[in-house]
Every structure is written in C-alpha cells, then in structure tokens.
Amino acid sequence: GESVGLHLPTLSVQEGDNSIINCAYSNSASDYFIWYKQESGKGPQFIIDIRSNMDKRQGQRVTVLLNKTVKHLSLQIAATQPGDSAVYFCADPPSEGDSSYKLIFGSGTRLLVRP
Amino acid sequence: GAVVSQHPSRVICKSGTSVKIECRSLDFQATTMFWYRQFPKQSLMLMATSNEGSKATYEQGVEKDKFLINHASLTLSTLTVTSAHPEDSSFYICSARRPGNEQFFGPGTRLTVL
C-alpha cells in the first residue's frame with residue numbers, strides 16, 4: 001500500500017464513553033486493513049481486520065467501519081475502559097500478489113482514558 | 001494467536017559496542033521476519049525484511065552494514081546493531097509472517113546507548 005495516516009494524534013475520552021479513531025488511506029487498490037493496539041513498551045497486537053468487500057465489521061466492543069468512497073476507516077470502541085489506553089494503528093497489509101509482504105503502518109493515535 | 005518472542009527485552013550499552021537482538025517464532029515456522037524501529041511517540045518504521053536462508057532486504061536509508069540481520073532458521077532472526085551510538089537508541093520490534101500472510105509481533109526490545 002501507499003501512505004496510511006491518521007487524523008488525530010491524541011484522543012482523550014471519559015471512561016465509559018465511546019471512542020472513535022480515524023484513519024485515511026491513499027491507495028484505492030488496498031483491499032484489506034488491520035487495526036493494531038500498542039500498549040506502552042509492548043509490541044502491536046491485532047485487534048480487528050476488515051476486507052474491502054465489507055463496510056462494517058464488529059468484534060467484542062470494537063467496530064471497524066470502511067468507507068471506500070473517501071478512503072477512510074474508523075475504529076469504534078464501545079464503553080471505553082482504562083485498559084483501552086494505548087496507541088492505535090491502522091495498517092495496510094500487502095495484497096496477495098505482493099511478494100514483499102511489507103506492512104505499512106499509519107502514524108498512530110494515542111487514546112487516553114480519563115477515570 | 002501465534003507467539004513471537006524477543007530477547008533481550010531491554011539493553012543498555014556503551015557507545016561503540018555491538019548489540020544483538022533475537023526474534024523467535026515459538027509455535028510456527030516463519031519464512032519471513034521483519035524488523036521495525038520505533039522512536040518515542042512515532043509509528044513503527046520498517047527497517048528490513050529477513051528471509052530464511054537469504055540476505056535481508058533493507059529499506060531505503062537503513063545501513064545494512066550497521067544493522068546486520070541473520071535469519072539462520074525458520075524460527076530465529078537476529079538483528080545486530082554494530083558500533084552503536086546514542087542516536088541508535090530506540091525500540092526495536094520484530095514480526096514474523098506465518099504462511100497465509102498473517103504477521104505476529106514480538107514484545108519489542110528497548111535499546112539505550114550511553
């Protein structure tokens with residue numbers, strides 16, 4: 001993929017509120033996206049993914065929305081908890097035909113949960 | 001999910017010394033491993049792609065003679081930072097690719113060069 005970026009570098013939410021983290025991508029050919037969560041001092045962890053043939057996918061307390069028209073995706077976290085405090089990255093995995101297998105990360109959004 | 005480990009988790013060394021970081025896939029064979037560097041409050045930047053049994057492919061701007069990568073087996077890749085300097089201080093993260101394109105990340109290694 002090409003560049004993948006985020007709109008907001010830091011998001012502060014009240015515990016119990018919903019969080020929305022946004023991500024824009026530039027490669028219209030991108031067909032698969034992953035959201036990762038990175039806690040302080042740790043490696044990224046897979047949260048949820050979505051393919052381009054879907055516009056919404058739900059997990060446990062998380063929902064990813066994909067708008068291919070404007071090349072935008074978002075991660076929604078319901079009832080945000082202190083344990084959700086982390087940096088969240090969207091990533092554009094390589095297509096099946098891309099033998100480089102390189103993963104391109106967005107710039108990241110830091111989510112701070114206020115007690 | 002699959003497990004990827006890194007060792008050491010953190011290391012402090014003197015300027016001019018070399019440091020080796022290991023990345024292991026514990027429960028799967030990884031034909032490809034990746035090394036990333038992450039500076040504070042920044043995203044992960046890919047340094048190189050490590051393929052088992054062949055030379056690593058480095059990203060533009062990454063010095064291959066400074067960051068030596070060896071992928072001797074399907075479960076182990078090592079990154080050696082040679083003649084480390086304070087500007088090499090960073091968080092180094094590896095990932096391993098399982099057949100099917102899934103990538104799993106290690107916990108990272110915090111390198112501090114004095």
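Some notes on this structure:
Matching residues to (1) buried (at least 16 other Cβ atoms within 10 Å of the Cβ); (2) touching a strand residue (DSSP E or B) at 6+ places or on another chain (Cβ under 7 Å); (3) more than 29 Å from A:Pro9 (Cα to Cα):
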{"residue": "B:Ala2", "(1), (2), (3)": "no, yes, yes"}
{"residue": "B:Leu26", "(1), (2), (3)": "no, yes, yes"}
{"residue": "B:Tyr36", "(1), (2), (3)": "yes, yes, no"}
{"residue": "B:Phe39", "(1), (2), (3)": "no, yes, no"}
{"residue": "B:Tyr58", "(1), (2), (3)": "yes, yes, no"}
{"residue": "B:Ser95", "(1), (2), (3)": "yes, yes, no"}
{"residue": "B:Phe104", "(1), (2), (3)": "yes, yes, no"}
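Every residue, every condition in (1) surrounded by 12 or more Cβ atoms within 10 Å (Cβ to Cβ); (2) within 15 Å of the chain's Cα centre (by Cα); (3) under 28 Å from B:Tyr92 (Cα atoms), yes or no:
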{"position": "A:Leu11", "(1), (2), (3)": "yes, yes, yes"}
{"position": "A:Ser19", "(1), (2), (3)": "yes, yes, no"}
{"position": "A:Phe33", "(1), (2), (3)": "yes, yes, yes"}
{"position": "A:Ser40", "(1), (2), (3)": "no, no, yes"}
{"position": "A:Thr63", "(1), (2), (3)": "yes, yes, no"}
{"position": "A:Lys71", "(1), (2), (3)": "yes, yes, no"}
{"position": "A:Ala78", "(1), (2), (3)": "yes, yes, no"}
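- When the strands (runs of 3 or more DSSP E) confined to segment A:29-115 are screened for residues that are away from chain B (no Cβ under 14 Å), those reaching at least 3 such residues are found at A:56-58, A:62-67, A:72-77.
- Residues in segment B:83-114 that are of a type in the set (A, V, I, L, M) and without any contact (Cβ under 8 Å) to a residue 60 or more places away in the chain: there are none.
- B:Leu68 vs. criteria modelled with pLDDT under 95, surrounded by 12 or more Cβ atoms within 10 Å (Cβ to Cβ) and within 10 Å of the chain's Cα centre (by Cα): no
The values are calculated or read from the model by the stated rules, or taken from the named source; none is laboratory data. These figures come from a predicted structure and were not determined experimentally. Every residue, glycine among them, receives a Cβ derived from its backbone with ideal geometry; neighbour counts consider all protein chains shown.
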